[in-house]
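The values are calculated or read from the model by the stated rules, or taken from the named source; none is laboratory data. Treat the numbers as computed from the prediction; the structure is a model and nothing was measured. Neighbour counts run over all protein chains shown; Cβ positions are idealised from the backbone, glycine included. Quick note on the areas: whole protein, heavy atoms, side chains included, nothing else; ligands and nucleic acids left out. Shrake-Rupley method; radii C 1.70, N 1.55, O 1.52, S 1.80 Å.
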Amino acid sequence: MNKRKMNRATILILLVIGFLSFAISSYAEKQTELQPDYYTVYDGKTNKVLFRTAMEVYKGDRYLSGDNKLYEVFKVDKNESKAYAKYLRTEKLPDVNIEEISQAMAVAENTGEKRVAIYSTHSDESYLPSDGAASINGHGGIYKVDAALQKALEAKGVTVKVDRTLYLPHDAMAYSRSRTGAVKLLKDFKPDLLLDVHRDAVPFQEYIRKIAGKNATGVRIVLGRNNPNLKANQQLAYRIKAIADKTYPNMIKDVFFGKGDFNQDLTPNSLLLEFGTYSHTRERAEVSASLIADILTKALYGSDEQKQVGTVTKTQKPLPGQNKAAGTGIWVLIGVVVVSAVAFMFLSTGGREMYHKFSKATRKEFASYLGKFRRKKGDEP
């Protein structure tokens, strides 16, 4: 009898220990989740916050603020997810006349089909309040933003091709996998512009906007500073921002020049756009996607288009990088299969943004976060 009681007591003690271990583990996990998975970049002189980004920040990265001040990162503290930048100069954007551009578009003869290609490297990216998760293992909410952009561009007479291939998982090799899709789009569709559509993973206040009287998001343009087409990509980005500043002020949040190429070495007219962040509604991002279609068409097909943006036409010779990319598309596909076998090695050394966005986005803690920041209908995040 005593032995039976002792066995029961032992089982009870083990259950209590197990419960406490689980509780402690869960608490530690919660604390980890509450740590920021994005960088905060400060002005090294004033210590004022310049911007936040879920991308890995490196020394030498540059940043163009909403008021066109250009900064360069000179110090990075990875342990604290902080970086410091110095002011370089105020950039002069192209002088654009919106009325003249609109008139030129209205009367110009259609000398060829206008083409824009869209894909999303991070196929899982979603918007928590609307999609129920910040990351979906499949076609995430980002594809609905793609669809909104496609619809708006088509309404303006642009032929749009959207690549809905999944490039999961959301890891350090995602851009290598999406590169095969980008090469195929360039080879088969021959677009005037190639867009990689994303969303950010910073606090929603960074992106909340009211544009044309509608709840919308700011849009960040990301340029890969380590690619031979950077000058052409930058000229296009600056032209887009110049037109947007006059048409929809504050829509283009900023321009970030990050380390890497983001597949922008494939063509001189290639951009990465971030429509808002994970913690506000997807509908806001869709509004901005619809509005920016007007900006993109004016930037691409307005007056003096070849001089302004260097649109690749049938009579224009492609750059050597484009021929090489298109001609080796099959080899890239084979290479990706081989490289993917060791992708896990890169997860430990790859960018924080690529790993944290995917691994943290599926946590149940988002539910409580959503409740904390819920807004009344009509002014939701």
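For the pair residue 189 and residue 154, label points projected 7 Å from Cα toward Cβ lie 1.2 nm apart.
How long is the gain from residue 70 to residue 137 if the chain were fully straight, where each residue apart is worth 0.36 nm and the alpha carbon distance is subtracted?
The residue 70-residue 137 span can extend by a further 20.4 nm.
With a Förster radius of 41 Å applied to the beta-carbon distance between residue 59 and residue 250, the computed FRET efficiency rounds to 0.90. Taking the Cα centre of the range 78-210 as origin and assigning +1 to Lys and Arg Cβ atoms and -1 to Asp and Glu Cβ atoms, the resulting dipole is close to 260 debye. Summary value for the range 169-295: 37 percent relative contact order, contacts being C-alpha pairs under 8 angstrom separated by 6+ residues.
Given a 1.4 angstrom probe, I'd like the percentage of the accessible area of the range 41-97 that is carbon and sulfur, rounded to a whole number.
Carbon and sulfur: 42 percent of the exposed surface of the range 41-97.
Given their separation in residues at 0.36 nm each and the Cα-Cα distance between them, residue 80 and residue 212 gain 43.7 nm when the chain is fully extended.
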